1. Of the conditions (1) outside any loop (DSSP other than H, G, I, E, B); (2) modelled with pLDDT under 90; (3) of a type in the set (S, T, N, Q), Thr23 clears all except one; give me its number.
2. Could you name every one of the helices (runs of 4 or more DSSP H) located completely within region 27-69 that has at least 1 residues being touching a residue at least 40 places away in the same chain (Cβ under 8 Å) and on the phi > 0 side of the Ramachandran plot?
3. Just to be sure, is Ala34 small (Gly, Ala, Ser), at pLDDT 80 or above and open to solvent by less than 90 Å² (accessible area, probe 1.4 Å)?
4. Could you check region 1-20 and list, in sequence order, the residues that are assigned to a helix (DSSP H, G or I), exposed (fewer than 10 other Cβ atoms within 10 Å of the Cβ) and among the small types (Gly, Ala, Ser)?
5. In region 46-60, how many are open to solvent by 80 Å² or more (accessible area, probe 1.4 Å), at pLDDT below 95 and either among the polar types (S, T, N, Q) or under 22 Å from Thr2 (Cβ atoms) (or both)?
Amino acid sequence: MTVAKLGQKKEAVAAAVPNVELTWRFGSTEMRQAKTYAEHMLELKQIKQLPDFATFFDTKFVDEIAKPA
C-alpha cells in the first residue's frame with residue numbers, strides 16, 4: 001500500500017519494515033515517542049503546528065481491548 005498509494009520506493013519500505021512494531025498498547029512510552037516525532041516533523045517543516053496531544057489520541061479503544069476477558 002505504501003508503494004502503490006504513497007509512491008514510496010519498494011526498497012526503502014523493505015528496509016524500514018523490520019523497524020516497525022505493531023502494538024495495541026498505547027501508554028506513556030508511545031505518547032512520548034509520538035511527541036518527539038511530532039516535534040521533529042515540526043522542525044523539518046513537515047507540519048505547521050503541534051497537535052493538542054491531550055485530545056489528539058483517543059486510547060479508549062486500545063484500553064478496552066487490553067482488558068482481560
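1. The number of the failed condition is (1).
2. Hits in region 27-69: none.
3. yes
4. Correct list: Ala4 only.
5. The qualifying residues number 2.
The values are calculated or read from the model by the stated rules, or taken from the named source; none is laboratory data. As the structure is a prediction and not an experimental result, all values here were calculated from the model. Reconstructed Cβ throughout: ideal geometry from the backbone, glycine too, with neighbour counts over all protein chains shown. Please note that ligands, DNA and RNA were not included when accessible areas were found on the heavy atoms of the full protein model with its side chains. Shrake-Rupley method; radii C 1.70, N 1.55, O 1.52, S 1.80 Å.
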